[in-house]
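Read the structure below first, then the notes.
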Amino acid sequence: MPSNTPNTPNTAPSGPGPFRQLLPEPGADVDLATAYAYPDDLDRPFVRANMVSSVDGGAIGPSGRSRDLSSAPDRRVMGVLRGLCDVVLVGAATARVEGYAPVRPREVWEPLRRGRPGTPPIAVVSRTLDLPEALLTSAPEDARTIVFTTASAPRERRERVRACADLVVVDGLSVGPEHVVNALGERGLFRVLTEGGPHLLAEFVGAGLLDELCLTLSPRVLGSGAPRVVAGGPGTPGAPTRASVRNTPVRMAHLLEAEENLFARYVRE
Ligand SMILES: NC(=O)c1ccc[n+]([C@@H]2O[C@H](COP(=O)([O-])OP(=O)(O)OC[C@H]3O[C@@H](n4cnc5c(N)ncnc54)[C@H](OP(=O)(O)O)[C@@H]3O)[C@@H](O)[C@H]2O)c1
């Protein structure tokens with residue numbers, strides 16, 4: 001999730017510089033809403049991820065957040081992607097670290113969201129149900145936060161979340177990506193935008209359920225301590241064992257440039 005600082009303004013006061021298209025053919029004056037349009041006539045959830053990386057593949061900067069990699073054009077793309085989607089999906093660690101709150105409506109989204117709620121709901125996946133309070137208490141009625149958890153989550157927290165959010169409880173110790181996709185599909189939320197983090201994304205990649213990766217390449221080098229945009233850990237689903245290594249071909253749908261940031265859109269073949 002490039003610059004996953006939620007609710008950042010669509011443009012910096014001076015606004016980001018113009019976006020140039022480099023591929024499939026060079027051109028100026030890119031219309032971001034057209035460039036990032038979801039496929040038409042979806043009949044199942046289409047899972048798009050939006051992540052930012054340094055040029056050496058790091059996803060988390062010295063602040064412990066992705067904002068070290070961010071820029072005005074990156075926030076602009078993030079805003080357009082949020083305006084286009086039906087739901088923003090995140091792992092609970094990202095929601096905690098980045099201080100997620102319900103998405104605020106923006107005037108510029110009106111043409112993008114005609115016939116839909118003014119903002120996409122946030123959907124968050126968590127075992128602990130340790131969630132930012134605002135996600136539970138400040139969401140509008142037509143975009144209530146959706147919370148995915150397991151039957152082993154603390155009972156009191158489950159009850160509290162159920163009272164203020166749309167709670168989906170899955171049997172077992174883990175919420176599988178297929179549970180998330182099915183439940184979002186049942187709610188008619190087909191245009192899915194996941195903003196990570198790297199652990200949640202690893203599970204979607206592992207399950208073969210990531211349809212598209214929008215990757216911002218930020219002109220910085222982070223060094224070897226930074227995790228990648230897709231990263232598991234010992235004991236977590238998606239951990240980097242040989243068995244979890246994939247070699248899935250993707251097609252580059254476009255490559256844009258703004259202020260020395262590259263914006264690639266990769267779609268699964
Ligand atoms: N560069 C980028 O574009 C980017 C994007 C997003 C985030 N980030 C950075 O990445 C870091 C956070 O990412 P992360 O990879 O550590 O964590 P994450 O993927 O955001 O969240 C992991 C958490 O999600 C919940 N979760 C994940 N899979 C689950 C499952 N199958 N069942 C139930 N719950 C599940 C658990 O929450 P509980 O702990 O509540 O049980 C788990 O601890 C932050 O530093 C953030 O700034 C960077």
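The values are calculated or read from the model by the stated rules, or taken from the named source; none is laboratory data. Here the structure is a predicted model, which means the values were calculated and not measured. With ideal geometry, Cβ positions are generated from the backbone for all residues, glycine too; neighbour counts draw on all protein chains shown. For accessibility, only protein heavy atoms count, side chains too; no ligands or nucleic acids. Shrake-Rupley method; radii C 1.70, N 1.55, O 1.52, S 1.80 Å.
Points worth noting:
- If only residues of the stretch 118-140 that are of a type in the set (Gly, Ala, Ser) and within 12 Å of the ligand (Cβ to nearest atom) are counted, the one that is surrounded by the most Cβ atoms within 10 Å (Cβ to Cβ) is ALA123.
- Qualifying residue in the stretch 41-50 (condition: of a type in the set (Asp, Glu) and free of Cβ contacts under 8 Å to residues at least 24 places away in the same chain): yes
- Of the residues making up the stretch 191-233, those that are more than 13 Å from the ligand (Cβ to nearest atom), over 14 Å from the mean Cα position of the chain (by Cα) and touching a residue at least 40 places away in the same chain (Cβ under 8 Å) number 4.
- The single condition among (1) part of a strand (DSSP E or B); (2) touching a residue at least 40 places away in the same chain (Cβ under 8 Å) that ARG251 does not satisfy is (2).
- Across the stretch 81-94, the number of residues qualifying as more than 7 Å from the ligand (Cβ to nearest atom) and either more than 19 Å from ARG144 (Cβ to Cβ) or not acidic (Asp, Glu) (or both) comes to 8.
- Annotation note: Cβ proximity below 9 Å between a residue of the stretch 51-77 that is under 22 Å from VAL103 (Cβ atoms) and a residue that is part of a strand (DSSP E or B) and open to solvent by 50 Å² or more (accessible area, probe 1.4 Å) (sequence gap 6+ or interchain) occurs for VAL52/LEU217.
- Test: residue in the stretch 233-248 that is part of a helix (DSSP H, G or I), in contact with a helix residue (DSSP H, G or I) (Cβ under 9 Å, 6 or more places away or on another chain) and modelled with pLDDT of 95 or more: no
- Options THR128, THR145, THR119, THR149; residue that is of a type in the set (S, T, N, Q) and over 22 Å from GLU186 (Cβ atoms): THR128
Here is a yes/no grid of residues against (1) over 18 Å from LEU193 (Cα atoms); (2) among the acidic types (Asp, Glu); (3) open to solvent by 10 Å² or more (accessible area, probe 1.4 Å); (4) near the ligand (Cβ under 9 Å from one of its atoms):
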| site | (1), (2), (3), (4) |
| --- | --- |
| ASP56 | yes, yes, yes, no |
| PRO62 | yes, no, yes, no |
| ARG67 | yes, no, yes, yes |
| ARG75 | no, no, yes, no |
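- For the stretch 177-210, filtering for residues that are surrounded by fewer than 19 Cβ atoms within 10 Å (Cβ to Cβ) and among the small types (Gly, Ala, Ser) leaves 5.
- Failed item, numbered, when ALA49 is tested on (1) within 9 Å of the ligand (Cβ to nearest atom); (2) outside any strand (DSSP E or B): (2)
- Residue match in the stretch 23-38 (condition: more than 16 Å from the ligand (Cβ to nearest atom), part of a strand (DSSP E or B), under 22 Å from LEU84 (Cβ atoms) and modelled with pLDDT under 95): yes
- Taken over the stretch 81-90, the criterion of being in a helix (DSSP H, G or I) and buried (at least 22 other Cβ atoms within 10 Å of the Cβ) is satisfied by LEU81, ARG82, GLY83.
- ARG48 modelled with pLDDT of 95 or more, open to solvent by 50 Å² or more (accessible area, probe 1.4 Å) and under 13 Å from the mean Cα position of the chain (by Cα): no
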